[in-house]
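The values are calculated or read from the model by the stated rules, or taken from the named source; none is laboratory data. Just so we're clear, the structure is a prediction, and the values are computed from it rather than from any experiment. All Cβ positions, even for glycine, are placed from backbone atoms using ideal geometry, and neighbour counts span all protein chains on display.
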Number of protein chains: 2
Amino acid sequence: MLHGDIGDWLERLGSAAPTPGGGAAAALAAAAGAGLVEMVVNLTVGKKAYAEHEDHVRPIGAQARELRLRALELAGDDEAAFSAVMSAYGLPKATDGEKAARAAAVEAATADAAQPPLRVAEVAARVIELASALPGRSNRNVLSDVGIAASLALSALESSAINVEVNLAGLRDPATRDGLRKEIDAHLAAATLGREVVANIRAGVAR
Amino acid sequence: MLHGDIGDWLERLGSAAPTPGGGAAAALAAAAGAGLVEMVVNLTVGKKAYAEHEDHVRPIGAQARELRLRALELAGDDEAAFSAVMSAYGLPKATDGEKAARAAAVEAATADAAQPPLRVAEVAARVIELASALPGRSNRNVLSDVGIAASLALSALESSAINVEVNLAGLRDPATRDGLRKEIDAHLAAATLGREVVANIRAGVAR
C-alpha cells in the first residue's frame, strides 16, 4: 500500500532510488481517476435533479471506491515486485550452476513483475468503463471531472502497457510472453472508449 | 502547496467535499511526470556509459525538479481558486445592486480560476518537451519511465484544457474568453510531441 506525504513521495520518485518508479506513478494516476468517478457520484446521489439516476450511479461510486483502494495497493505491489527483480539480478554468477540459477530467478521475477502493471491496467480499464456510464446521468456541474477521470485512467492504462511491454521484452519463454501480451491487449481495448469519453466531454463543456 | 498523506488525499478527492477536484488531480499527474523525468536524469548522470550526454541531461533534471515543485504548488492554488468561485456564488442576490455585484464577483473569480489550470498546462507542456529531449541520451534501462512521464504529462495537459474550457464557458466577456482560449491552445500544441514520444518509446521498448 502506497502511503506517506505526497511531496515526500514525489521527491523519492524524482530521486535515483530504485523505487518508486513509473509503475507506481501509473497506479497513482489510476487511483486519482477512480477517486474522481467516486466524487462525481457523491455529488449526484441525494440531489433532487438526479433522483431518477440514483440507482444507476450509486453502484458506480461503490466500485470506483474499491478500485481507488486497489490501485493504491498495486502501487505498493509494483515497488515490491521491482525490488525482487533487482535482487535476482544481484545473485552470484561465478559458476555455471550459479549462472543457470540466476537466469531462472531473473526470468521468474521478471514474469512476476508484469503482474502489478497488468492489474493496474485492469483497474484503469474498469475506471474508464465506469466514467463512460456517467454522462447524462451524473451532476452536470462536475462533468469536466468525469473527463479528467477518463483522461487519467487512459494514461494509467497506457503507462501500464509500457511497463508490461518492457517486461515482455526481458522474458525468454515465448508462451509466457504470448500470455502476457494477450492480457495487456485485452485491457488496452478500453482505450478507445476512454478517448471517446474525453472527446465527447470536451465537446460538451466547451459549448 | 499540496501536502498530507496520499491515501487521505485520495479519500478527500473521492468525497463530496468541494476540494480537491479534477484540477488538483491534473496537477498531481504533472508533478509525477516531472518527477519521472528527474529520476531518469538522476539515473543517467554519473554513469560512464552516458558521460558524453551529461552536459545535455543535467539541466533537464534541474528543470524537471522545479516543474515538479511548481505543479505541487499549483495543485494547492487550484483548490484555493475553486473555493473563491464558490464564495462568489454564495454572495447575496436579493436586490438588483446585490445581483450586479454578485455577477461581477462570479465573473472575476471564474476568470481567476482559469489561471491554475493554465499554469498546470504550461508545466505539463514543459515536461513533455523535457521528456522528448531524453531518448538516445539517457539511461536505456529506464526509457519506459520517459514514456510514462510523457503519458502522465499529456493527461495533465488534456485535463487542464478541460478545466480551462469549463471556465471559458462560464465567462461573459468575449475578450477574456478569447485571451484564455489562445493561451490554452498554445500549451496544447505540445500534445502532438507528447504523443510522438509515447509512441516512439512504446515501439522501442517492445523490440
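A single entry from A:L171, A:L130, A:L188 fulfils the requirement of being hydrophobic (A, V, I, L, M, F, W, C) and surrounded by 22 or more Cβ atoms within 10 Å (Cβ to Cβ): A:L130.
Among the residues making up segment A:151-199, those that are among the small types (G, A, S) and within 11 Å of chain B (Cβ to nearest Cβ) are A:S151, A:A153, A:S155, A:A156, A:S159, A:S160, A:A161, A:A169, A:G170, A:G194, A:A199.
Of everything listed in (1) outside any helix (DSSP H, G or I); (2) among the aliphatic types (A, V, I, L, M); (3) within 25 Å of A:L2 (Cα to Cα), the single unmet condition for B:A26 is (1).
For B:L13, are the conditions met, namely being modelled with pLDDT under 95 and either farther than 15 Å from A:L36 by Cβ or touching a Leu at 6+ places or on another chain (Cβ under 7 Å) (or both)? Criteria not met by B:L13.
So in segment A:1-21, with the set limited to residues that are within 20 Å of the chain's Cα centre (by Cα), at the interface with chain B (Cβ under 7 Å from one of its Cβ atoms) and assigned to a loop (DSSP other than H, G, I, E, B), which one is nearest to B:L43 (Cα to Cα)? Step by step, filter segment A:1-21, then rank; the result is A:G21.
Yes/no per residue for (1) among the small types (G, A, S); (2) over 25 Å from B:G147 (Cβ atoms); (3) more than 7 Å from chain B (Cβ to nearest Cβ):
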{"position": "A:L28", "(1), (2), (3)": "no, no, no"}
{"position": "A:R65", "(1), (2), (3)": "no, yes, no"}
{"position": "A:R70", "(1), (2), (3)": "no, no, yes"}
{"position": "A:A108", "(1), (2), (3)": "yes, yes, yes"}
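Does any residue of segment A:8-21 turn out to be in contact (Cβ under 8 Å) with a residue 24 or more places away in the chain and either at positive phi or touching a Gly at 6+ places or on another chain (Cβ under 7 Å) (or both)? No, every residue in segment A:8-21 fails to be in contact (Cβ under 8 Å) with a residue 24 or more places away in the chain and either at positive phi or touching a Gly at 6+ places or on another chain (Cβ under 7 Å) (or both). State whether the residues of segment B:40-47 include one that is at negative phi, at pLDDT below 95 and of a type outside the set (G, A, S). No. Among the residues making up segment B:106-127, those that are out of contact with any Ser or Thr (no Cβ under 8 Å at 6 or more places or on another chain), of a type outside the set (D, E) and either modelled with pLDDT of 95 or more or surrounded by fewer than 18 Cβ atoms within 10 Å (Cβ to Cβ) (or both) are B:A108, B:Q115, B:P116, B:R119, B:V123, B:A125, B:R126, B:V127. With respect to B:A34, determine if the residue is of a type outside the set (S, T, Y), farther than 25 Å from A:A156 by Cα and assigned to a helix (DSSP H, G or I). Here the answer is no, as B:A34 does not meet what is asked. For segment A:30-55, filtered to residues that are buried (at least 24 other Cβ atoms within 10 Å of the Cβ) and within 7 Å of another protein chain (Cβ to nearest Cβ), the residue that is farthest from A:G76 (Cα to Cα) is A:M39.
Can you tell me which residue within segment B:93-141, out of those that are farther than 26 Å from B:A190 by Cα and among the charged types (D, E, K, R), is farthest from the chain's Cα centre (by Cα)? Looking at residues that are farther than 26 Å from B:A190 by Cα and among the charged types (D, E, K, R), I get B:D96. Can you confirm whether B:R58 is within 11 Å of another protein chain (Cβ to nearest Cβ), charged (D, E, K, R) and either surrounded by fewer than 16 Cβ atoms within 10 Å (Cβ to Cβ) or within 25 Å of B:I128 (Cα to Cα) (or both)? In short, no.
Among the helices (runs of 4 or more DSSP H) confined to segment B:57-172, the ones with at least 1 residues that are closer than 30 Å to A:F82 by Cα and in contact (Cβ under 8 Å) with a residue 40 or more places away in the chain are located at B:115-132, B:143-169. Only one entry of B:E158, B:E183, B:E165 meets the criterion of being of a type in the set (D, E) and surrounded by fewer than 23 Cβ atoms within 10 Å (Cβ to Cβ), and that entry is B:E183.
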